[in-house]
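The values are calculated or read from the model by the stated rules, or taken from the named source; none is laboratory data. Bear in mind the structure is a predicted one, so any value in this text is a computation, not a measurement. When we count neighbours, we look across all protein chains shown, and the Cβ atoms used for this are built from the backbone with ideal geometry, even at glycine.
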Amino acid sequence: MKRLLLSFSAAAFVTAAGYVSAAAPGADVFEEVCSACHGDKGQGIPGLAPPLKGSEFVKSSDVAALTAFVQKGRAGAEKKFPNYPSAMPPYTGGAAKAQAVSQYVKTEIQK
C-alpha cells in the first residue's frame, strides 16, 4: 500500500512540476481523423493526401480560414491537388474541435 501511495505521489509531483506535458489541443483530433490520410506528422501520404507540414496553404492561412476549410472539406473542382484521388471530407465533430485541430496543424505540425 505504501508503494502504491508513493507511486501516486511521485506521479502527482511530476505532473505538478510540469515534467509531464499534455498533448497539444487538437492533437487528439488530428491523430484520430486527419493522420489516416495526411500522416502521423502531417507529412502526407503519396497517392492519398498532400503534406500539411510545410504547406504554403497552411502557413499562409489564418486559423479561422483553416477552421472553415476543415469544416467544409474540399471536393470536385475545389480540390487543389487533382492528382490525389480522394476528396477531403468535411469534419463534423464541431466547431471547437475543428478550430483546435486547425491551430494544431498551423503550429505544432509546422515545427
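For the stretch 89-111, which residues satisfy the criterion of being of a type in the set (A, V, I, L, M) and either on the phi > 0 side of the Ramachandran plot or in contact with a helix residue (DSSP H, G or I) (Cβ under 8 Å, 6 or more places away or on another chain) (or both)?
The answer is Ala95, Ala98, Ala100, Val101, Val105, Ile109.
Does the stretch 26-45 hold any residues that are under 11 Å from the mean Cα position of the chain (by Cα), assigned to a loop (DSSP other than H, G, I, E, B) and not acidic (Asp, Glu), and which are they?
Passing the criteria: Gly26, Gly39, Lys41, Gly42.
Name the single residue, out of those in the stretch 58-76 being more than 20 Å from Ala95 (Cα to Cα) and either modelled with pLDDT of 95 or more or of a type in the set (D, E, K, R) (or both), that is surrounded by the fewest Cβ atoms within 10 Å (Cβ to Cβ).
Ser60
Please list, ordered by first then second residue, the pairs with beta carbon atoms under 7 Å, 6 or more apart or interchain, first in the stretch 46-57 and outside any loop (DSSP other than H, G, I, E, B), second surrounded by 13 or more Cβ atoms within 10 Å (Cβ to Cβ) and among the acidic types (Asp, Glu).
Note: no pairs meet the criteria.
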